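Let me begin by presenting the structure, written as structure tokens, before commenting on it.
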Amino acid sequence: MAVKIVPKEEMLDAIGTKFEPGEWIEVTQDRINVFADCTEDHQFIHVDEEAAKNTPFGSTIAHGFLTLSLLSKMAEGNGVIPENIVMGLNYGFDKVRFLSPVKSGKRVRANAEVADIVRKDENRFLIKQVISVEIEGEDTPALVAEWLSMVIAG
């Protein structure tokens with residue numbers, strides 16, 4: 001993935017920009033267990049490997065929120081930003097859908113496209129990216145999200 005830096009006057013022209021998929025990230029059982037500890041969500045489908053074998057998934061699965069939280073890393077180094085950027089802020093999500101579970105040991109990566117940019121004032125831009133998290137070897141993505149960022153230029 002790559003960051004596209006453009007003059008403020010050309011930010012709206014970046015709508016529709018698609019980025020190359022990011023690097024693969026392995027979702028290990030250890031990562032799932034640490035997330036369970038952080039969130040205090042120890043549901044057996046996440047942390048009990050023996051019991052999870054008897055579910056339709058056949059193994060433990062990552063928390064949906066773990067996969068969502070990995071967007072920060074998966075989307076690292078991509079996006080459209082104005083020249084002389086001062087900062088970027090996570091502004092939230094318009095929509096998040098968890099479509100397919102990520103089984104322990106699988107790898108995921110993000111695919112991103114700039115869906116919209118709204119110029120809020122002289123120096124602030126609200127950017128909406130549609131992010132799809134691909135699971136290696138599977139047809140259905142783990143999740144699809146409309147992620148918002150506010151970028152501020154100097």
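The values are calculated or read from the model by the stated rules, or taken from the named source; none is laboratory data. None of these values were measured; they are calculated from a predicted model. Note: ideal-geometry Cβ built from the backbone for every residue, glycine included; neighbour counts use all protein chains shown. In case anyone asks, the SASA skips ligands and DNA or RNA and just uses the protein heavy atoms, side chains included. Shrake-Rupley method; radii C 1.70, N 1.55, O 1.52, S 1.80 Å.
Out of Val133, Val144, which single residue is open to solvent by 10 Å² or more (accessible area, probe 1.4 Å), β-branched (Val, Ile, Thr), within 30 Å of Gly58 (Cα to Cα) and part of a strand (DSSP E or B)? Give the derivation first.
On the way: Val133 fails: open to solvent by 10 Å² or more (accessible area, probe 1.4 Å).
Among Val133, Val144, only Val144 is open to solvent by 10 Å² or more (accessible area, probe 1.4 Å), β-branched (Val, Ile, Thr), within 30 Å of Gly58 (Cα to Cα) and part of a strand (DSSP E or B).
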(request) Please work out which one of (1) modelled with pLDDT of 95 or more; (2) open to solvent by 60 Å² or more (accessible area, probe 1.4 Å); (3) in contact with a strand residue (DSSP E or B) (Cβ under 6 Å, 6 or more places away or on another chain); (4) not aromatic (Phe, Trp, Tyr) is the condition Asn84 fails and give its number. (result) (1)
(request) Scan (1) hydrophobic (A, V, I, L, M, F, W, C); (2) farther than 30 Å from Lys8 by Cβ; (3) buried (at least 20 other Cβ atoms within 10 Å of the Cβ) for the single condition Ala110 breaks and write down its number. (result) (2)
(request) Can you confirm whether the range 86-100 contains a residue that is aromatic (Phe, Trp, Tyr) and under 28 Å from Val47 (Cα atoms)? (result) yes
(message) Just the residues that are in contact with a helix residue (DSSP H, G or I) (Cβ under 8 Å, 6 or more places away or on another chain), open to solvent by 70 Å² or more (accessible area, probe 1.4 Å) and over 30 Å from Phe125 (Cα atoms), please, taken from the range 1-38.
(response) Arg31
(request) Report yes if Lys128 is under 26 Å from Trp24 (Cβ atoms) and either among the charged types (D, E, K, R) or surrounded by 15 or more Cβ atoms within 10 Å (Cβ to Cβ) (or both), otherwise no. (result) yes
(message) Quick test of your reading of the structure: Gln129 fulfils all but one of (1) among the polar types (S, T, N, Q); (2) under 27 Å from Glu9 (Cβ atoms); (3) over 11 Å from the mean Cα position of the chain (by Cα). Name the failing condition by number.
(response) (3)
